[in-house]
Amino acid sequence: MRGFTLIELMVTLAILAMLLLMAAPLAADWVHGARTLQARGTLVQGFENAKALALRNPCEAPNATGAHAAVLQAQTDGTAVTLNVLAQGGSGCAPNPQWTARLPEGVSLTLNGTLLTTSSTPLTVELDNRGLPAASIPFILRRGGPQNDETGTLH
């Protein structure tokens, strides 16, 4: 009965190591893509919650131009983006935030052409009491290169 020689084992291990080195960037890229896709779902969920809150109008925001019944707010601490849905309008509001979530770490958010950074003021999407923003808001979620970007429009 014949076994494996040391040379055969070393060649097999070298081939296996090369395959693993080629697969590592692909796996990392797949993880980045999954995180930006998850961030997109969370952002859309936050916008839908803000729309629902605006339609309920718990603070009795007036039906006037420039009046906001709800706001989707995004801010960052440098590692992750936090989304908050806030009730706006008149007196008698429930405590804020009404809803909150964090995007996966390392995902950056550009909302309406403005990149959210730790030094910037929070980015907001304001909704009237009909659940509509003043204009459509384009967004870009990034992590790990342009091949993983998630883009869309909140409207």
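Coordinate-derived values only; no laboratory data. These numbers come from a predicted model, not from an experiment. Please note: Cβ atoms are built from the backbone with ideal geometry, for glycine as well, and neighbour counts cover all protein chains shown.
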For this session: Work out from phi, with θ = phi - 60° and the Karplus expression 6.51 cos²θ - 1.76 cosθ + 1.60, the ³J(HN,Hα) of each residue of segment 37-53, listed in order in whole Hz, and give x for Gly and Pro.
Result: 5, 5, 5, 4, x, 5, 5, 5, 4, x, 5, 5, 5, 5, 4, 5, 5
Exercise. Which log10 I(q)/I(0) values, to two decimals, does segment 18-88 give at q = 0.11, 0.15, 0.26, 0.28 Å⁻¹ under the Debye formula with one point per Cα?
Worked result: -0.45, -0.64, -1.09, -1.15
For this session: Work out, step by step, the length gained on full extension between ALA24 and ALA101: first 0.36 nm times the residue separation, then minus their alpha carbon distance; give nm to one decimal.
Result: 24.7 nm
Seminar exercise, completed: Farthest towards the positive end of the dipole of segment 6-154, among ALA34, THR151, PHE47 and with Cβ unit charges of +1 on Lys and Arg and -1 on Asp and Glu, lies the Cα of PHE47
For this session: About the Cα centre of segment 6-154, how large is the charge dipole given +1 on each Lys and Arg Cβ and -1 on each Asp and Glu Cβ? Please answer in debye to the nearest 20.
Result: 200
For this session: Pop out the ³J(HN,Hα) list for segment 98-113 in order, Karplus 6.51 cos²θ - 1.76 cosθ + 1.60 with θ = phi - 60°, rounded to Hz; leave Gly and Pro as x.
Result: 7, 8, 8, 7, 10, 6, x, 4, x, 8, 9, 10, 10, 10, 6, x
Exercise. With Cβ to Cβ distances under 15 Å as the rule, what net charge do the other residues near ILE137 carry (K, R +1; D, E -1)?
Worked result: -2
Exercise. Beyond 21 Å, what share of the Cα-Cα pairs of segment 57-155 remains, rounded to the nearest whole percent?
Worked result: 38
Seminar exercise, completed: With x for Gly and Pro, the residue-by-residue ³J(HN,Hα) of segment 68-85, computed from phi through the Karplus equation 6.51 cos²θ - 1.76 cosθ + 1.60 at θ = phi - 60° and given in whole Hz, is 10, 8, 8, 9, 9, 10, 10, 9, 9, 9, x, 10, 9, 9, 10, 9, 10, 10
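Which FRET efficiency value, to the nearest 0.05, do you get for VAL31 and ALA135 by plugging their Cβ-Cβ distance into 1/(1 + (r/R0)^6) with R0 = 30 Å?
Efficiency at R0 = 30 Å is approximately 0.30.
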Problem set entry | GNM flexibility winner over the chain from ASN129, ASN96, ASN49 (Cα, springs under 10 Å) | ASN96
